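To keep things clear, I will list the structure first and then write my remarks on it.
The values are calculated or read from the model by the stated rules, or taken from the named source; none is laboratory data. Just so we're clear, the structure is a prediction, and the values are computed from it rather than from any experiment. All Cβ positions, even for glycine, are placed from backbone atoms using ideal geometry, and neighbour counts span all protein chains on display. All accessible areas refer to the heavy atoms of the entire protein, side chains included, with ligands and DNA or RNA removed. Shrake-Rupley method; radii C 1.70, N 1.55, O 1.52, S 1.80 Å.
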Amino acid sequence: MASGKRTTSKLGTKATLLLCACDSNALGSEMTPILAVIALAFPGENVNWLVSLPPLCIIPASLIAAKLSYYISRKTILGIGQTLFIIGGLGGAIAPSFEFLLVTRVFFGLGCGLVYPIVPTLISYLYAGRERVSMMGGANAMGSIIAMVFSTLSGTLAVIGWRIPFLVNVFFIFVLIMQCLFLPKVPPEKDMEFAKQQQRLSPEERRIGPRAWLCAVLMFVTMTIAMVYLLKMAIFIQETGIGDSVMAGLASSSTTCTALVISLLFSRIFGIFKRYTVVISMAAVALSFTLLALSTGPAGVFAGAVIYGVYLGTIIPYLQTSVSGVVHPYRRTYALSILSMAMFAGQAASSLYVGIVESMIGPSTAALFEVMSVTFIILLVVVLAYLIITRKHADYPYGDMDGEGIIAGEGDGTESPEV
């Protein structure tokens with residue numbers, strides 16, 4: 001009986017963590033399909049702020065989460081963030097003005113900023129080895145599912161009225177309840193054994209380290225450049241006369257579905273290629289932009305869209321897994337917060353990057369994709385060269401790549417944290 005209860009608790013913990021990882025995917029998938037409807041409701045207002053404001057709030061909130069985790073249980077931080085997220089999400093349904101709607105998006109972003117970096121930290125604390133890698137990929141896959149469901153529901157409910165789509169965020173009330181029921185009582189970092197023994201840690205263990213910083217730089221650079229696909233895909237299809245908004249939607253769905261499948265397979269992919277998994281990401285996005293730049297019909301567009309999904313399905317779980325493996329637990333939450341900031345900062349910088357490139361090459365989206373293709377080919381060569389040069393220092397000192405997670409009650413001799 002006790003064994004059955006423990007198994008249920010483990011499954012509940014896994015399901016909760018995977019659902020908690022969906023907050024960031026809800027940011028755009030809920031709002032993007034209804035921007036046109038909101039623009040009609042608030043003529044003259046810049047509705048793009050409803051999409052760009054939350055990522056700007058996520059950046060400082062991620063740092064705050066890292067600082068708070070030293071003094072407060074990460075389960076508590078997760079609950080606070082989820083509550084803010086729910087307030088911001090459901091608040092849009094009662095917004096009497098555009099200014100009020102903007103305020104709700106601030107809450108939305110702050111809540112997501114508190115939740116997003118904590119989830120991979122908890123995964124890295126509770127799980128190890130293949131189970132950790134599988135959870136990282138699963139979180140990315142679950143995010144893809146939520147993005148598809150929320151995008152479909154939001155666009156459908158907008159027919160009734162622009163306020164109704166915000167009610168999809170009721171879903172996160174159930175996620176908050178699951179957090180209370182299933183998440184382990186993880187103590188603040190200051191009360192953990194590694195923090196009590198911090199005086200014994202070497203200077204290298206106290207620092208994030210160059211490998212983690214390189215992961216953050218790679219996250220920022222690739223997100224800045226790769227997000228051009230999301231910004232320009234629909235425009236490219238109509239500009240070239242290949243199709244219309246319907247085809248753009250189908251291409252986007254192809255990308256999301258591919259990312260979902262690849263995320264579910266990420267554990268196997270990482271098990272085979274290890275640190276060279278990032279080469280697959282870089283090669284996929286380079287090939288995707290090449291196919292799009294050269295495409296003259298739907299086949300090229302869909303091929304590029306599918307291959308881009310391979311990049312989306314591998315890059316984030318790879319970098320999260322890598323940072324978890326190269327940073328001592330003493331600094332892991334902070335390191336993953338930096339990685340989260342780099343991701344959202346890259347997404348925010350993408351529009352500026354597009355403007356700079358277009359000022360040099362002109363407004364042609366096909367030409368823009370050609371530049372992205374060449375850029376990623378160069379980046380692929382640089383990343384591959386780095387991996388080859390540093391292959392003698394390729395271990396994951398804190399990855400427990402062959403171990404068992406703490407939640408399994410093995411690997412370090414400790415019991416599973418109380419739920």
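Quick notes
- Residue pairs whose Cβ atoms lie under 6 Å apart, separated by 6 or more positions or on different chains, with the first residue in segment 76-93 and more than 21 Å from L17 (Cβ to Cβ) and the second open to solvent by 20 Å² or more (accessible area, probe 1.4 Å), are I87/F107; G88/F107; A93/R163; A93/L167.
- Residue in segment 271-285 that is farthest from R130 (Cα to Cα), counting only those that are at pLDDT below 90 and open to solvent by less than 60 Å² (accessible area, probe 1.4 Å): R275
- Residues being assigned to a loop (DSSP other than H, G, I, E, B) and open to solvent by 10 Å² or more (accessible area, probe 1.4 Å) - total across segment 317-331: 1
- Residue selected from segment 130-160 under the condition over 11 Å from F266 (Cβ atoms) and under 11 Å from the mean Cα position of the chain (by Cα), by the criterion modelled with the lowest pLDDT: S144
- Lone unmet requirement of (1) surrounded by 24 or more Cβ atoms within 10 Å (Cβ to Cβ); (2) of a type outside the set (K, R); (3) under 20 Å from the mean Cα position of the chain (by Cα); (4) over 22 Å from A61 (Cβ atoms) for G304: (3)
- Condition check for T256: closer than 18 Å to M233 by Cβ, touching a residue at least 24 places away in the same chain (Cβ under 8 Å) and among the polar types (S, T, N, Q): yes
- Answer residue from segment 342-356, given it is in contact (Cβ under 8 Å) with a residue 24 or more places away in the chain and not small (G, A, S) and is surrounded by the fewest Cβ atoms within 10 Å (Cβ to Cβ) among those: Y353
- Note on segment 226-245: residues that are farther than 15 Å from A366 by Cα and either aromatic (F, W, Y) or assigned to a helix (DSSP H, G or I) (or both) amount to 1.
- Only residues that are within 30 Å of G362 (Cβ to Cβ) and open to solvent by 80 Å² or more (accessible area, probe 1.4 Å) were counted across segment 246-266, and they come to 2.
- The helices (runs of 4 or more DSSP H) falling completely within segment 49-156 that include 2 or more residues that are open to solvent by 60 Å² or more (accessible area, probe 1.4 Å) and within 28 Å of S350 (Cβ to Cβ) map to 49-68, 98-115.
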